[in-house]
Amino acid sequence: MRCSSAVLAAAFALAAAGAGAQDPARIKIDSYALPNGLRVQLVEDHSSQVVAVDLWYDVGARNEVAGHTGFAHLFEHMMFQGSKNLKKVEHSSLIERAGGRDNASTQYDVTNYFEFLPSNRLNLALWLEAERMRGLNVTPEGLKNQVEAVKEERRLRVDNQPYSKAIWEGTLLAFDSKNCFGYGHSLIGSMAELDAAKVEDVQAFFKMYYAPNNVTLTVVGDFNPAEARKFIEEYFGGIPRQPAPPPVVCDQKLHTGAMRQQMTDDKATLPAVIALYHVPSTSSADLPALELLSTILGSGESSRLNKVLARDTKAALAAQTLLNPFGPRRGPGMLIGLAIANQGVGVDSVEKLLTREITQVAQTGVTTEELTKAKNQYRAGKMEERQRAFALAEAVQFANTYLGSPDAVNTDLERYAKVTVDDIKRVAASYLTADNSLTITIVPEKK
């Protein structure tokens with residue numbers, strides 16, 4: 001039997017109203033700082049015999065200066081090159097032998113390094129992180145080797161993937177490279193500038209940004225707090241503080257006029273279009289509504305873009321949206337819609353359909369059912385996040401860095417639960433406008 005839309009709306013509203021009883025338990029966070037400036041966040045959780053050690057250094061591509069780009073990403077690789085007491089890649093081999101895993105990632109705003117391993121080896125992970133913070137081994141051979149590794153990563157991620165160059169580099173046109181250089185240059189950086197980098201340049205970058213007063217250490221999992229504090233003081237306490245890095249300036253205006261560019265892609269076999277819209281920083285009160293709108297528009301089989309462009313009109317082979325594809329930001333970000341044209345369909349037709357579906361939300365809004373489904377997806381992700389030590393560590397770090405306090409991890413879900421259909425319509429009208437956009441058409445190279 002088919003229910004009326006009014007009945008469905010009432011059912012969704014009732015479900016949302018009752019969701020509070022199943023809200024996740026409040027996370028207790030023990031936050032403190034060492035005299036050298038190291039910020040520490042401890043979350044005790046004995047649900048499994050695992051512990052996660054997660055360091056967020058307050059450095060990313062946004063901290064780079066013209067002529068020396070790519071250093072933030074380069075350091076993601078350099079930090080595994082050994083130190084006074086460790087050989088090259090010995091850090092990772094020791095973690096693996098202890099039954100754990102480690103990795104790192106670079107974004108525009110932060111660089112993180114992490115391990116998760118059996119909780120009885122917490123001391124090992126803490127010692128290893130302190131060891132490379134205390135004195136990374138920077139040699140000409142190691143620098144050259146890792147510059148080549150970065151080049152290979154660029155070839156794999158950008159140069160040899162269809163449509164990737166448009167996303168990684170074409171979207172940079174949307175940002176004022178003069179007044180907001182931090183977000184107006186490539187996250188991977190210039191290969192020519194990396195080739196020209198000297199050991200002294202790398203050592204200076206390390207000294208400035210890889211200091212205890214420029215990092216937050218989060219430990220989540222099965223540990224004894226007193227013992228963890230003792231290890232942290234013992235391993236990190238003697239590392240000297242450094243002068244604070246210079247502040248990052250980004251004067252990026254919104255609504256500066258519509259922009260267009262066309263790119264030729266020798267790896268693409270079908271044309272495509274990207275519609276990019278400026279959005280405010282991650283801390284903005286409008287971000288929850290924008291993120292839920294992005295889900296409604298272009299996340300999954302039932303999303304609007306997939307339904308209209310791929311299933312109904314068959315104009316596109318695939319269509320989706322991405323909010324801040326390179327990670328959250330303290331400064332302005334982007335919401336992009338991407339559609340790959342179907343065989344025989346002109347890119348102009350796909351562009352019209354894509355921009356129509358995105359911009360019409362400002363006039364027609366979204367339904368209660370769509371919004372509730374997007375909220376449920378977000379909520380499910382947050383609930384899953386609580387079940388894994390490393391994911392929870394990342395959530396605490398995110399709250400601290402982008403929402404102003406680690407305790408915001410306990411209230412973040414409320415920001416999304418409070419979003420209304422009127423909020424969705426309002427943010428669409430505010431940001432998804434032609435004068436706030438960059439359109440990139442991607443055409444295959446003629447052969």
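The values are calculated or read from the model by the stated rules, or taken from the named source; none is laboratory data. All values reported here derive from a predicted model rather than from experimental measurement. Neighbour counts run over all protein chains shown; Cβ positions are idealised from the backbone, glycine included.
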Could you say which residue among Gln377, Gln387 is surrounded by fewer than 17 Cβ atoms within 10 Å (Cβ to Cβ), of a type in the set (S, T, N, Q) and in a helix (DSSP H, G or I)?
-> Gln377
Flag if Thr401 is closer than 28 Å to Gly100 by Cβ and not assigned by TED's automatic domain parsing to the domain that holds Ser164 | yes
Of residues in the stretch 390-403 being buried (at least 20 other Cβ atoms within 10 Å of the Cβ) and of a type in the set (Gly, Ala, Ser), the one farthest from the chain's Cα centre (by Cα) | Ala393
The helices (runs of 4 or more DSSP H) lying wholly within the stretch 164-237 that contain at least 1 residues that are farther than 28 Å from Val147 by Cβ are 225-236
Which numbered condition Gly135 misses (of (1) crowded, with 20+ Cβ neighbours inside 10 Å; (2) touching a Ser or Thr at 6+ places or on another chain (Cβ under 6 Å)) = (1)
A careful count of residues in the stretch 404-439 that are outside any helix (DSSP H, G or I), within 30 Å of Asn342 (Cβ to Cβ) and more than 22 Å from the chain's Cα centre (by Cα) gives 2
Please go through the stretch 45-71 and pick out each residue that is of a type in the set (A, V, I, L, M) and modelled with pLDDT under 95.
-> Val65, Ala66
Of the candidates Ala289, Ala310, Ala318, the one satisfying the condition of being assigned to a strand (DSSP E or B) and among the hydrophobic types (A, V, I, L, M, F, W, C) is Ala318
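Look through Val199, Val219, Val158 and report the one residue that is free of Cβ contacts under 8 Å to residues at least 40 places away in the same chain, on the phi < 0 side of the Ramachandran plot and not polar (S, T, N, Q).
Working: Val199 fails: free of Cβ contacts under 8 Å to residues at least 40 places away in the same chain; Val219 fails: free of Cβ contacts under 8 Å to residues at least 40 places away in the same chain.
One residue alone meets the criteria, Val158.
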Quick one: which of Met263, Met334 is more than 18 Å from the chain's Cα centre (by Cα), assigned by TED's automatic domain parsing to the domain that holds Leu413, of a type outside the set (Gly, Ala, Ser) and not in a loop (DSSP other than H, G, I, E, B)?
-> Met263
Search the stretch 66-80 for residues that are closer than 18 Å to Val249 by Cα and in the same structural domain as Glu169 (by TED's automatic domain parsing) and pair each with any residue that is crowded, with 22+ Cβ neighbours inside 10 Å and β-branched (Val, Ile, Thr) when their beta-carbon atoms are under 6 Å apart and the residues are at least 6 apart or on different chains.
-> Ala72/Val59; Ala72/Thr106; Ala72/Thr111
Scanning the stretch 288-303 for residues that are crowded, with 17+ Cβ neighbours inside 10 Å and without any contact (Cβ under 8 Å) to a residue 60 or more places away in the chain gives Ser294, Gly298, Ser303
Arg356 fails exactly one of the following numbered conditions: (1) in a helix (DSSP H, G or I); (2) within 23 Å of Ser430 (Cα to Cα); (3) touching a helix residue (DSSP H, G or I) at 6+ places or on another chain (Cβ under 7 Å). What is the number of that condition?
-> (3)
Taking first residues from the stretch 98-109 that are within 26 Å of Glu64 (Cα to Cα) and second residues anywhere that are buried (at least 19 other Cβ atoms within 10 Å of the Cβ) and among the β-branched types (Val, Ile, Thr), the pairs with Cβ under 6 Å that are 6 or more apart or on different chains are Asp102/Ile95
Scanning the stretch 244-260 for residues that are touching a strand residue (DSSP E or B) at 6+ places or on another chain (Cβ under 8 Å) and aliphatic (A, V, I, L, M), the one modelled with the lowest pLDDT turns out to be Leu254
